[in-house]
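The values are calculated or read from the model by the stated rules, or taken from the named source; none is laboratory data. Since the model is a prediction, treat every value here as computed from it, not as a measurement. Ideal geometry is used to build each Cβ from the backbone, glycine not excepted, and the neighbour counts take in all protein chains shown. Side chains included, ligands, DNA and RNA excluded: accessible areas come from the protein's heavy atoms. Shrake-Rupley method; radii C 1.70, N 1.55, O 1.52, S 1.80 Å.
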Amino acid sequence: MASPMSAGSFLKALKAEGLTVVEVGDWRHHNRNHKGPWGPVNGVMIHHTVTKGSARTVDICRKGYEGLPGPLCHGVITKDGRIHLVGYGRANHAGLGDDDVLRAVIAEKALPRDNEANTDGNRHFYGFECENLGDGEDPWPAAQLEAIEKAAAAVCRHHGWTERSVIGHLEWQPGKVDPRGFTMTSMRARIRDRLK
């Protein structure tokens, strides 16, 4: 368990990992902290957006939509491999998920199958939304996959976590399918290699 890093430390960690970072508006103070705590943080969650077009995707993730106010993540990873910071603090990305999964992430052990939604994930996870239609056919460019790897590794490196602290939304909340188009097993292997 860890306290969330400061916004400045987050930005520094991402840049140190070699990412191209775009700061969107007053991202450092755009959050949902009035709805509950953020932290202790225990891991990183990867999502796909089910959107097309980088500018539109970033805008939706920053502002949210009817029924789900933004920010919808901390960083949006677009197809060109850039990461757009849209919020910092509690964000509407993880929702309710499985407490057994959270315990496995904290222990950095193999994940059990998610079969309940009883734990507030927005409190415990950094979230990255990745621009993709999520239909299993929309491609994942090499630059984007590398940026996902780098972003997750940056957070893990800061907190001293291994790749086992990185999960997909589909591993957290029953019924979710994201990210679709690559496996979290393959992404964790990439993160593991980067952290060596």
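Can you tell me the relative contact order of region 48-153? Whole percent, Cα pairs under 8 Å, sequence separation 6 or more.
Values: 188 pairs, mean separation 35.9, N = 106.
Over region 48-153, the number comes to 34 percent.
Where Rh is the Kirkwood radius over the Cα pairs of the chain, the temperature 10 °C and the viscosity 1.306 mPa s, what D in µm²/s does Stokes-Einstein return? Don't jump to the answer; show the numbers that get you there.
Details: Rh = 16.2 Å.
In µm²/s, the coefficient rounds to 98.
For region 142-196, what is the accessible area per residue in Å² when the probe is 1.4 Å? Could the numbers behind the result be given before it?
Numbers: 2340 Å² over 55 residues.
Here the per-residue accessible area is 43 Å².
Measure off, as a whole percent, the carbon and sulfur share of the 1.4 Å-probe accessible area of the chain, all protein chains present.
Working: 4220 of 8530 Å².
So the carbon and sulfur contribution to the accessible surface is 49 percent.
How much accessible area per residue does region 1-77 have, in Å², with a 1.4 Å probe?
On the way: 3710 Å² over 77 residues.
Accessible area per residue: 48 Å².
Looking only at Ala154, Ala142, Ala13, which one moves most when the chain is put into a Gaussian network model with springs between Cα atoms under 10 Å?
Top of the fluctuation ranking is Ala142.
Taking only Cα atoms and a 10 Å spring cutoff, compute GNM fluctuations for the chain and point out the largest among Cys73, Cys130, Cys156.
Cys156
Given contacts defined as C-alpha pairs under 8 Å and at least six residues apart, what's the relative contact order of region 1-91, whole-number percent?
Working: 131 pairs, mean separation 35.6, N = 91.
Taking the mean separation of contacting Cα pairs over the length of region 1-91, I get 39 percent.
So which residue, out of Glu131, Glu146, Glu171, gets the largest mean-square fluctuation from a GNM of the chain using Cα contacts under 10 Å as springs?
Answer for the Gaussian network model of the chain: Glu146.
So what's the net charge close to Gly36: Lys and Arg +1, Asp and Glu -1, counting the other residues with Cβ under 15 Å from its Cβ? Working shown, then result.
On the way: positive: Arg32, Lys35, Arg90, Arg123; negative: Asp120.
Within the 15 Å Cβ shell, the charges total +3.
Rounded to the nearest 20 debye, what is the charge dipole size of the chain about its Cα centre when +1 sits on each Lys and Arg Cβ and -1 on each Asp and Glu Cβ? Before the final figure, lay out each step's value.
Values: 26 positive and 24 negative charges, 117 e Å.
Its charge dipole is roughly 560 debye.
How big is the gap, in Å, between the Cα center of region 115-154 and the Cα center of region 18-50?
After rounding, the separation between the Cα centres reads 12 Å.
What FRET efficiency comes out for Ser9 versus Ala55 if R0 is 35 angstrom and r is the Cβ-Cβ distance? Round to the nearest 0.05. Spell out each step's value before the answer.
Details: r = 28 Å, r/R0 = 0.79.
After rounding, the FRET efficiency stands at 0.80.
Kindly work out what percent of the DSSP beta bridges joining two residues of the chain are antiparallel, to the nearest 5.
On the way: 8 of 24 bridges.
In the chain, approximately 35 percent of DSSP beta bridges are antiparallel ones.
How high is the relative contact order of the chain, in percent, with contacts defined as C-alpha pairs under 8 Å that are six or more residues apart? Write out the running numbers ahead of the final one.
Details: 433 pairs, mean separation 54.0, N = 196.
Rounded, it is 28 percent for the chain.
Which ³J(HN,Hα) values, rounded to whole Hz and listed in residue order, are derived for region 25-36 from phi using the Karplus coefficients 6.51, -1.76 and 1.60 in 6.51 cos²θ - 1.76 cosθ + 1.60 with θ = phi - 60°, glycine and proline given as x?
Those phi angles translate into x, 8, 4, 4, 10, 9, 7, 10, 4, 6, 9, x Hz.
Please identify which residues in region 148-173 have an amide N closer than 17 Å to a label point set 7 Å out from the Cα of Val22, following the Cα→Cβ vector.
Residues 148, 151 qualify, since their backbone N sits under 17 Å from the label point.
Residue-wise, which Karplus ³J(HN,Hα) couplings in Hz belong to region 185-196, taking 6.51 cos²θ - 1.76 cosθ + 1.60, θ = phi - 60°, and x for glycine or proline?
My calculation for region 185-196 gives 4, 5, 5, 5, 5, 5, 5, 4, 5, 5, 6, 5 Hz in order.
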